[in-house]
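The values are calculated or read from the model by the stated rules, or taken from the named source; none is laboratory data. Since the structure is predicted, the reported quantities are computational estimates derived from the model, not experimental observations. Cβ: placed from backbone, ideal geometry, glycine included. Neighbour counts: every protein chain shown.
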């Protein structure tokens with residue numbers, strides 16, 4: 001039996017946030033505040049509009065690189081993340097709050113929301129690159145979708161993004177093709 005630690009759960013939720021933010025930016029409908037609030041970032045609702053706007057601007061800059069993760073080799077992805085990390089003030093500490101057990105915050109509690117989120121996103125990505133490289137990042141298998149996804153399944157069997165229409169349309173098309181062939 002595999003047990004997931006609080007840190008692993010937090011990293012997974014943060015990687016899912018990266019994917020959701022990246023896909024929403026690519027689709028032109030990013031709402032960083034609500035995405036982060038729904039993903040458990042506790043300061044998202046109370047963050048200043050200026051901080052959310054700075055974060056959104058930085059995410060738009062990073063989205064092309066996040067979108068490229070399924071296609072990048074590990075060394076390229078690592079070099080990119082290392083370069084981005086040099087721009088952040090990181091001062092790790094272990095904290096417990098909001099019913100969540102001990103976990104690492106990468107920036108001081110006094111830092112701006114946008115810097116805290118960027119540090120969380122990049123450090124989660126750095127930890128994933130150390131653990132698995134880029135292998136768990138994929139692109140949706142639906143022919144009309146280019147969204148990225150993070151595959152947290154044990155056997156890396158995920159093929160589609162989070163939009164259920166992608167899997168449904170593809171499975172229907174595959175079924176019809178098999179029926180036609182018979």
So, in the range 22-34, of the ones that are closer than 18 Å to residue 137 by Cβ and in contact with a helix residue (DSSP H, G or I) (Cβ under 7 Å, 6 or more places away or on another chain), which residue ends up modelled with the lowest pLDDT? 26
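To keep it simple, each residue is scored yes or no on (1) in a helix (DSSP H, G or I); (2) crowded, with 20+ Cβ neighbours inside 10 Å.
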| site | (1), (2) |
| --- | --- |
| 8 | yes, no |
| 11 | yes, yes |
| 14 | yes, yes |
| 17 | yes, yes |
| 20 | yes, yes |
| 28 | no, no |
| 36 | yes, yes |
| 43 | no, no |
| 55 | yes, yes |
Run residue 130 past the list (1) within 15 Å of the chain's Cα centre (by Cα); (2) under 16 Å from residue 12 (Cβ atoms); (3) at pLDDT 90 or above and report the number of the one that doesn't hold. (1)
Please verify whether residue 67 is touching a strand residue (DSSP E or B) at 6+ places or on another chain (Cβ under 8 Å), on the phi < 0 side of the Ramachandran plot and surrounded by 12 or more Cβ atoms within 10 Å (Cβ to Cβ), treating the condition exactly as stated. yes
I need the full set of residues from the range 93-132 which are assigned to a loop (DSSP other than H, G, I, E, B) and surrounded by 12 or more Cβ atoms within 10 Å (Cβ to Cβ), in order please. 106, 107, 108, 111, 112
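Condition check ((1) under 16 Å from residue 121 (Cβ atoms); (2) touching a residue at least 60 places away in the same chain (Cβ under 8 Å)) across all residues:
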site: 22; (1), (2): yes, yes
site: 25; (1), (2): yes, no
site: 60; (1), (2): yes, no
site: 77; (1), (2): yes, no
site: 86; (1), (2): yes, no
site: 91; (1), (2): no, no
site: 95; (1), (2): no, no
site: 104; (1), (2): yes, yes
Please state which of the following conditions residue 53 fails to meet, knowing it meets all the rest: (1) modelled with pLDDT of 90 or more; (2) within 13 Å of the chain's Cα centre (by Cα). (2)
In the range 137-164, how many are out of contact with any helix residue (DSSP H, G or I) (no Cβ under 6 Å at 6 or more places or on another chain) and closer than 20 Å to residue 6 by Cβ? 1
Pairs under 9 Å by beta carbon, first residue on the phi > 0 side of the Ramachandran plot and in contact (Cβ under 8 Å) with a residue 60 or more places away in the chain in the range 146-171, partner buried (at least 16 other Cβ atoms within 10 Å of the Cβ) and outside any helix (DSSP H, G or I), six or more apart or different chains? none
Looking only at the range 133-166, filter to residues that are surrounded by 15 or more Cβ atoms within 10 Å (Cβ to Cβ) and over 15 Å from residue 19 (Cα atoms); which one of those is nearest to the chain's Cα centre (by Cα)? 133
